[in-house]
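So the structure is just underneath, and the comments pick up after that.
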Amino acid sequence: MSFVSAYPAASRSRSIAWRLTLLLTLLLTVAAAGTAVAALSYGQTAATRAFDRLLTGAALQIAERIGVVEGETVIDIPLSAFGLLSLASEDRIFYRIIGPGGETLTGDETVPLPEATERDDGPLLYDATFSGEAIRAIKMQRFLAERAVRGPITVIVAQTLRARSELANEIVARAVIGVIIAGGVTLALALLAMHLALSPLRRVENALLARDPKDLTPFSTTTPREVEALVAAINRFMARLDKRVGDMQDFVADAAHQMRTPITALRAQTELALEEDDPQKLRALLRRIRDRSVGVSRLTDQLLSHALVTHRADSATLELIDLRRVAVEAEREARRTGGAEGIELDLPADPVMVTGDAFSLREAARNLITNALAHGNPPVCLKVSITEGGTALIAAHDQGPGMNSVQLEKIGQRFARDASNPQSAGLGLAIVAEVAEFHHGSIRTAFSPEGGFEVGIDLPLADAPSAIHPEGDAE
């Protein structure tokens, strides 16, 4: 059996695999972009250095073939000087040779010179524009010290930049292709590793989906340490849910049985009353019907109270509460529902603060009062105090004989009826016990030396704020 999600697919959050894939893709994209920028810079630098060496070599060959013959400057430009430069078939080559007097001896006299620099005697590589196109040029000088010719001879060799750009673009393209291939392989390996790393989560998912909805027992599966906490949390939740479901099922079954008996008796007595003609017997039957109705009403109220307390044990938000206020509200509610006249309150002057749920504590206190009225003797006193052990106590004290040893052993059990009181549903102290457990407390019973018996709840104390009054007003 498999479960179908109650939420539409559009409302589901993105999976971990999808998020990791997106993150890795973004990181690889940024890395590829950075590599492309670095490759472009490197490619341009490498192409510039390579062709600059060719320009330098060509200029040196030309400069070496300059001489003086019979008093005249002779320039013998070797073909090999432009042989390597001519390998860039799409580029154009320019040259210019300038004599000592600044006149152009040969070449294109419009080839631009570099801007003036402090050092003008060494080789100088520079960028310029010639005939509307960017060029790269080198300026090199050779000094002649002949009688007829004395002074520097300037050699300028220039070339357009098309081959350089093509070489730089080729370097960038190959680098980017390599990065894309490496990135794709890296992403594929990362996805494979991620698939293997997330397989324990899929095992947990499959184990949950394959379970019968009624199976709430803990499950075990081999998982890494990072997933053990998740599996342990799921098992703790399932254990709590199993306990809660079991308690509710037992409660519903017991409640159905407990309600069926008095309702059946009430129906039987009603049928007898309809057939009875003797007025005295009819009045006796009506009294029995009234008593039985009161018992059913009390049982229904306690069942609903128990169900609410059980529900709030898992959902209520705990807050700081003054037990004196709980006692006052419980006493008022008991009086309002009737049958609780003559209840006394014994409250201290200082706050008695606990951390808990006000509704549950009030229900427990009300059931303490009801239990004392039903099983004890008046007067009944609801008191709040701090015990010698440093705990908070809210208890109902009456003048009755109290519980015997058998009753004390069964205290807090559901539907533990008192044989001497057939109207008792056995739920009052069960509610008290559940509230005590919910608040990390316990049921407290005691016989008074002066006579009487009390039942209450011991609760852990909380830090008490100043000036809080049992009526609920803060000064």
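The values are calculated or read from the model by the stated rules, or taken from the named source; none is laboratory data. These numbers come from a predicted model, not from an experiment. Neighbour counts are summed over all protein chains in view; Cβ atoms, including those assigned to glycine, are modelled from backbone coordinates with ideal geometry. With ligands, DNA and RNA removed, areas are computed over all heavy atoms of the protein, side chains included. Shrake-Rupley method; radii C 1.70, N 1.55, O 1.52, S 1.80 Å.
On the basis of being touching a helix residue (DSSP H, G or I) at 6+ places or on another chain (Cβ under 7 Å) and either open to solvent by 50 Å² or more (accessible area, probe 1.4 Å) or at positive phi (or both), does GLU90 make the cut?
Taking the combined requirement at face value, the residue satisfies it.
Just for the range 93-109: of the residues that are of a type in the set (D, E, K, R) and part of a loop (DSSP other than H, G, I, E, B), which one is most open to solvent (accessible area, probe 1.4 Å)?
Among those residues, the one meeting the criterion is GLU109.
In contact with a helix residue (DSSP H, G or I) (Cβ under 8 Å, 6 or more places away or on another chain) and either modelled with pLDDT under 85 or within 30 Å of ALA462 (Cα to Cα) (or both): does that describe ARG366?
Taking the combined requirement at face value, the residue satisfies it.
Within the range 281-296, identify whether any single residue is surrounded by fewer than 12 Cβ atoms within 10 Å (Cβ to Cβ) and either in contact with a Lys or Arg (Cβ under 8 Å, 6 or more places away or on another chain) or of a type in the set (Gly, Ala, Ser) (or both), and answer yes or no.
no
Among the residues of the range 71-83, is there at least one that is part of a helix (DSSP H, G or I), surrounded by fewer than 16 Cβ atoms within 10 Å (Cβ to Cβ) and modelled with pLDDT under 85?
yes
Select, from ARG225, ARG150, ARG236, the only residue that is open to solvent by 80 Å² or more (accessible area, probe 1.4 Å) and closer than 30 Å to VAL68 by Cα.
Among ARG225, ARG150, ARG236, only ARG150 is open to solvent by 80 Å² or more (accessible area, probe 1.4 Å) and closer than 30 Å to VAL68 by Cα.
Considering ILE411, ILE431, which residue is modelled with pLDDT under 90, β-branched (Val, Ile, Thr) and either open to solvent by 50 Å² or more (accessible area, probe 1.4 Å) or in a helix (DSSP H, G or I) (or both)?
Exactly one of ILE411, ILE431 is modelled with pLDDT under 90, β-branched (Val, Ile, Thr) and either open to solvent by 50 Å² or more (accessible area, probe 1.4 Å) or in a helix (DSSP H, G or I) (or both), namely ILE431.
How many residues are part of a helix (DSSP H, G or I) and either hydrophobic (A, V, I, L, M, F, W, C) or in contact with an Asp or Glu (Cβ under 6 Å, 6 or more places away or on another chain) (or both) when one looks only at the range 340-369?
Total meeting the criteria: 9.
For residues that are touching a Leu at 6+ places or on another chain (Cβ under 8 Å) and open to solvent by 40 Å² or more (accessible area, probe 1.4 Å), scanning just the range 260-278, find the one that is farthest from ASP301 (Cα to Cα).
Top of the filtered list is GLU276.
Let's see how each residue does on (1) part of a helix (DSSP H, G or I); (2) closer than 18 Å to SER305 by Cβ:
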site: ASP250; (1), (2): yes, yes
site: ALA253; (1), (2): yes, no
site: MET259; (1), (2): yes, yes
site: GLN269; (1), (2): yes, no
site: ASP277; (1), (2): no, no
site: GLN280; (1), (2): yes, no
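Scan (1) open to solvent by less than 40 Å² (accessible area, probe 1.4 Å); (2) part of a loop (DSSP other than H, G, I, E, B) for the single condition LEU144 breaks and write down its number.
(2)
One residue is enough: does the range 285-308 have a residue meeting the conditions hydroxyl-bearing (Ser, Thr, Tyr), at pLDDT below 85, under 30 Å from ALA239 (Cβ atoms) and part of a helix (DSSP H, G or I)?
Yes, the range 285-308 has at least one match.
Output the residues belonging to the range 39-62 that are in contact (Cβ under 8 Å) with a residue 24 or more places away in the chain, open to solvent by 60 Å² or more (accessible area, probe 1.4 Å) and within 20 Å of ALA163 (Cα to Cα).
Once the filter is applied, which keeps residues that are in contact (Cβ under 8 Å) with a residue 24 or more places away in the chain, open to solvent by 60 Å² or more (accessible area, probe 1.4 Å) and within 20 Å of ALA163 (Cα to Cα), the range 39-62 yields LEU40, TYR42, GLN44.
Check GLU329, GLU333 and return the single one that is outside any strand (DSSP E or B) and at pLDDT 90 or above.
Within the list GLU329, GLU333, the selection yields GLU329.
Sort through PRO379, PRO465, PRO422 and tell me the only one that's at pLDDT 65 or above, exposed (fewer than 14 other Cβ atoms within 10 Å of the Cβ) and not hydrophobic (A, V, I, L, M, F, W, C).
Within the list PRO379, PRO465, PRO422, the selection yields PRO379.
Give the residue, chosen from VAL227, VAL294, that is under 30 Å from SER199 (Cα atoms) and touching a residue at least 24 places away in the same chain (Cβ under 8 Å).
Exactly one residue qualifies, and that residue is VAL227.
Would you point out the residue of the range 239-255, among those that are open to solvent by 90 Å² or more (accessible area, probe 1.4 Å) and closer than 15 Å to PRO218 by Cβ, that is modelled with the lowest pLDDT?
LYS243
Condition (residue is at pLDDT below 80 and in contact with a helix residue (DSSP H, G or I) (Cβ under 8 Å, 6 or more places away or on another chain)) applied to the range 267-284: is it met by at least one residue?
no
Check whether at least one residue in the range 343-352 is closer than 28 Å to PHE251 by Cα, open to solvent by 60 Å² or more (accessible area, probe 1.4 Å) and free of Cβ contacts under 8 Å to residues at least 60 places away in the same chain, and report yes or no.
Taking every residue of the range 343-352 in turn, none turns out to be closer than 28 Å to PHE251 by Cα, open to solvent by 60 Å² or more (accessible area, probe 1.4 Å) and free of Cβ contacts under 8 Å to residues at least 60 places away in the same chain.
Tell me which residues, restricted to the range 148-188, are outside any helix (DSSP H, G or I), in contact (Cβ under 8 Å) with a residue 60 or more places away in the chain and out of contact with any Asp or Glu (no Cβ under 8 Å at 6 or more places or on another chain).
Residues satisfying the conditions are ILE153, VAL155, ILE156, VAL157, ALA158.
Please verify whether ARG324 is assigned to a helix (DSSP H, G or I), open to solvent by 20 Å² or more (accessible area, probe 1.4 Å) and either among the charged types (D, E, K, R) or modelled with pLDDT of 80 or more (or both), treating the condition exactly as stated.
Spelling it out, it is not the case that ARG324 is assigned to a helix (DSSP H, G or I), open to solvent by 20 Å² or more (accessible area, probe 1.4 Å) and either among the charged types (D, E, K, R) or modelled with pLDDT of 80 or more (or both).
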